[in-house]
Amino acid sequence: IKVANQQYNTCKSGYEITFDANAEIHLVPDEGEIQAQLYDFVKIAQLEQMEANKTIDLLAIVKSVGEVTTLISKKSGNELTKCDLTLVDDSGVAINCTVWGEKANEAPTNFANQPVVAFRRVRLSDYGGKSCSTTQGTGGGQVSPDIPETRALQKWWSDTGGQSSRSLSSSSGGMGKLENLPDRKTVQTIKSEHLGMNNPDKPDYLTFKGTLTFIKKDKEGGAWYTACARSEEPCKNRFKVTQTTDGNWFCDKCQGTFPNCVRRWIFSGTIADDTSTTWVSFFNEQAELLLGGNISADQVFEETYSEEADQDKYDSYFARANHSDWVFKCRVKQENMGDETRIKASVVNMAPLDYAQESRDLLQAISQF
């Protein structure tokens, strides 16, 4: 037994026990005198002011359960299984929480029907706003713990359904929340605050109002890439495919061959405001919105490239978007291109400028001076 090293020990006890190879552990009857689990719950609303990497206990309603997906760890190269949950509590605030491994596979079953779940020692992150994830050795959450707080939270949920909740996290699909006028920044902020350069492994985010001034659409064959036709995991129409000599399409990710492909938008452009101009990248979902709502790359390909090239019609889709005003949310990250390091900004969310609402917000901001 020794004094706990708080740098590595997240328990609240002032002491810790170390077991070595000579330790002996004996099972004894449980007389019920020791409480099974102790929690130190924090309300989700409080997380907004807390620093990243803190570990906290949460008691929350699992409002929704996302898909079980896999990814490859950059550090280990191993395949990891994850599932994103949306948690909400009676502070009226929601947050995304990721569970990993076998607990992720079990999540759709364990967390069905919006139960109350106690999560112990989840780690807080500022990825995508605020989010949290379970840590190794803490389990995947205790469903309906027999404590008074559970009954109080169930009553709150029954009475309100969490309808008025706001979220600290970005919405699904990496779509970041668009900040209101007081929290927006300017294009110049990317340079003045050195966004993307503070931590090479962690992107920065900002929201700003800007005008699209140029679209780089002159890629040979069209401003898109050819993606796998498989809509299920592991590809989900995202991974690039190459055309074979017999006219089919081969995917390296799933090793499948398909008679057709799915084209997805990818192009860059410049956005300007009254402070500066920046290059940004647009990907499929944002590009479809920019070009008029549901204008898919496949649709434009069929109309302009499938038989013979119709450059004028192709250009007309982009002409409609040029010099339009939007509110953009961008991810800014440092990337290495050969021996050169550069800062890349990508649009993760955007909305057409609502001039009436913008005017009201400006008047409100002026009145506060």
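The values are calculated or read from the model by the stated rules, or taken from the named source; none is laboratory data. These numbers were taken from a predicted model, which means no experiment stands behind them. So basically every Cβ, Gly included, is an ideal-geometry build from the backbone, and we count neighbours across all protein chains shown. The protein model used for the area step is the full one, side chains on, heavy atoms only, and it has no ligands, DNA or RNA in it. Shrake-Rupley method; radii C 1.70, N 1.55, O 1.52, S 1.80 Å.
Summary of values
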{"quantity": "Cα convex hull volume per residue for the range 202-311 (Å³)", "calculated": "143"}
{"quantity": "Efficiency of FRET from Cβ geometry, Ile366 and Ser158, R₀ 35 Å, rounded to 0.05", "calculated": "0.20"}
{"quantity": "Reciprocal of mean inverse Cα separation for the range 73-155 (Kirkwood radius, Å)", "calculated": "13.8"}
{"quantity": "Cα-based shape type of the range 14-109, given that a ≥ b ≥ c are square roots of the gyration tensor eigenvalues and the cut on a/c is 1.5", "calculated": "oblate"}
{"quantity": "Portion, in percent, of the accessible area of the range 225-369 that falls on carbon or sulfur, probe 1.4 Å", "calculated": "48"}
{"quantity": "Stokes-Einstein D (µm²/s) once Rh is taken as the Kirkwood radius of the range 284-369 over alpha-carbon pairs, at 20 °C in 1.002 mPa s", "calculated": "133"}
{"quantity": "Proximal lysines to Lys191, defined as alpha-carbon separation beneath 23 angstrom and excluding residues fewer than eight positions away on the same chain", "calculated": "Lys177, Lys202, Lys209, Lys216, Lys329, Lys333, Lys344"}
{"quantity": "The chain, relative contact order [Cα under 8 Å, separation at least 6], %", "calculated": "12"}
{"quantity": "Inter-site label distance for Arg238 and Glu307 at 7 Å from Cα along Cβ, in nm", "calculated": "3.7"}
{"quantity": "Cα extents of the chain along the three principal axes, largest first (Å)", "calculated": "81, 66, 48"}
